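Read the structure below first, then the notes.
Please treat every number below as a calculation from the coordinates, not as lab data. All values derive from a computational prediction rather than experimental measurement. As a convention, Cβ positions derive from the backbone with ideal geometry for all residues, glycine included, and neighbour counts pool all protein chains shown.
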Amino acid sequence: MLAAGTGLSRIAVGAHWPGDVAVGASLGLLAGLLGQGLLARMGPQHLQPQAWSLRAVALLMAVAAYHLASAGLDFAEALPVQRLVAIIAVLSLLVFVRQSVKPAR
């Protein structure tokens, strides 16, 4: 509902054409379905903190956090939200690192 409302509001204010919103929604649905399919095929060993797949996601998150912290957007109003998301990403990475180096019991 939130995504549909956002898409409709972007059309209403003239920020996007309806076709743009439809393509974006279709790509979002496709990404969600592909992610769900991948998760269904993965074994439980891929969800352990020591798994290469989660470490690859952590690496991508680190790159995203760096980009959020170092690059500015065109809108000054978005800067606090950008910094907040970067802080949340770094905190999530710290929790992941702490769990992945925990000694096995």
*Close pairs (7 angstrom Cβ cut-off, 6 or more residues apart or separate chains): within 15 Å of Gly5 (Cβ to Cβ) in segment 18-29, surrounded by 13 or more Cβ atoms within 10 Å (Cβ to Cβ) and among the charged types (D, E, K, R) anywhere*: Val21/Arg10
*Within the group Ser92, Ser100, Ser70, Ser26, which residue is under 16 Å from the mean Cα position of the chain (by Cα) and not basic (Lys, Arg)?*
Ser92
*Limited to segment 45-102, what total is found for residues that are surrounded by 12 or more Cβ atoms within 10 Å (Cβ to Cβ), among the aromatic types (Phe, Trp, Tyr) and under 19 Å from Gly35 (Cβ atoms)?*
1
*Can you confirm whether segment 50-58 contains a residue that is among the basic types (Lys, Arg) and not in a helix (DSSP H, G or I)?*
no
*Does segment 29-42 contain at least one residue that is exposed (fewer than 10 other Cβ atoms within 10 Å of the Cβ), among the basic types (Lys, Arg) and in a helix (DSSP H, G or I)?*
yes
